[in-house]
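The values are calculated or read from the model by the stated rules, or taken from the named source; none is laboratory data. Everything numeric here is computed off the predicted structure, so don't read it as measured data. For neighbour counting, all protein chains shown are included, and Cβ atoms are generated from backbone atoms with ideal geometry for every residue, glycine included. Ligands, DNA and RNA are excluded from the accessible area calculation, which covers all protein heavy atoms including side chains. Shrake-Rupley method; radii C 1.70, N 1.55, O 1.52, S 1.80 Å.
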Amino acid sequence: MLVIVTSLVLISSAPASAATDEDQVRAVLNGMNGSYNSSDFKGFASHLCADMLKAAGLETSWYASRKSDGTTQITINSVEVEGVSDIRRAVANVRFDAANHADTKTLDVEFLREGAEWKACRYDVGRYI
């Protein structure tokens, strides 16, 4: 589970000019996956909430997960955005396929809007859609 959770945190720079909040969350997820596949922890970490960045051993476990997983592909099943003005929250249901694992995981990834950017804040085993 840690492997998949860490996989979610995969990110590179997401386009800031995406049209809607949903588009922006999708861009962050795709960017995270790109960073993960290129072993770019710094890029990945740039898309995490401040609280997630404080987790003990985050970088070490991230690299261990990356090595264990191999490359990953994601399918974004849905993105639900709620809230008003500066208090915005989103939940994305995402399917993760890792090259080195036969099983596929579906997770709910929670996002918060921090300033002008969406940040991944938590991952839970998701509902299948």
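Some points to look at:
- Count - residues of region 72-93 that are in contact (Cβ under 8 Å) with a residue 40 or more places away in the chain and either open to solvent by 100 Å² or more (accessible area, probe 1.4 Å) or in contact with a Cys (Cβ under 6 Å, 6 or more places away or on another chain) (or both): 1
- Qualifying residue in region 83-102 (condition: over 24 Å from G43 (Cβ atoms), modelled with pLDDT of 90 or more, in a strand (DSSP E or B) and touching a strand residue (DSSP E or B) at 6+ places or on another chain (Cβ under 8 Å)): no
- Restricting D51, D124 to those that are within 14 Å of the chain's Cα centre (by Cα) and either assigned to a strand (DSSP E or B) or surrounded by fewer than 16 Cβ atoms within 10 Å (Cβ to Cβ) (or both) reduces the list to D124.
- Residue match in region 78-92 (condition: within 19 Å of Y36 (Cα to Cα) and not aromatic (F, W, Y)): yes
- Any chance V84 is over 16 Å from C121 (Cβ atoms) and of a type in the set (A, V, I, L, M): yes
- Every condition in (1) surrounded by fewer than 19 Cβ atoms within 10 Å (Cβ to Cβ); (2) modelled with pLDDT under 90; (3) not small (G, A, S) holds for I4 except the one numbered (1).
- K67 meets each of the listed conditions (1) farther than 19 Å from G115 by Cβ; (2) crowded, with 17+ Cβ neighbours inside 10 Å apart from (2).
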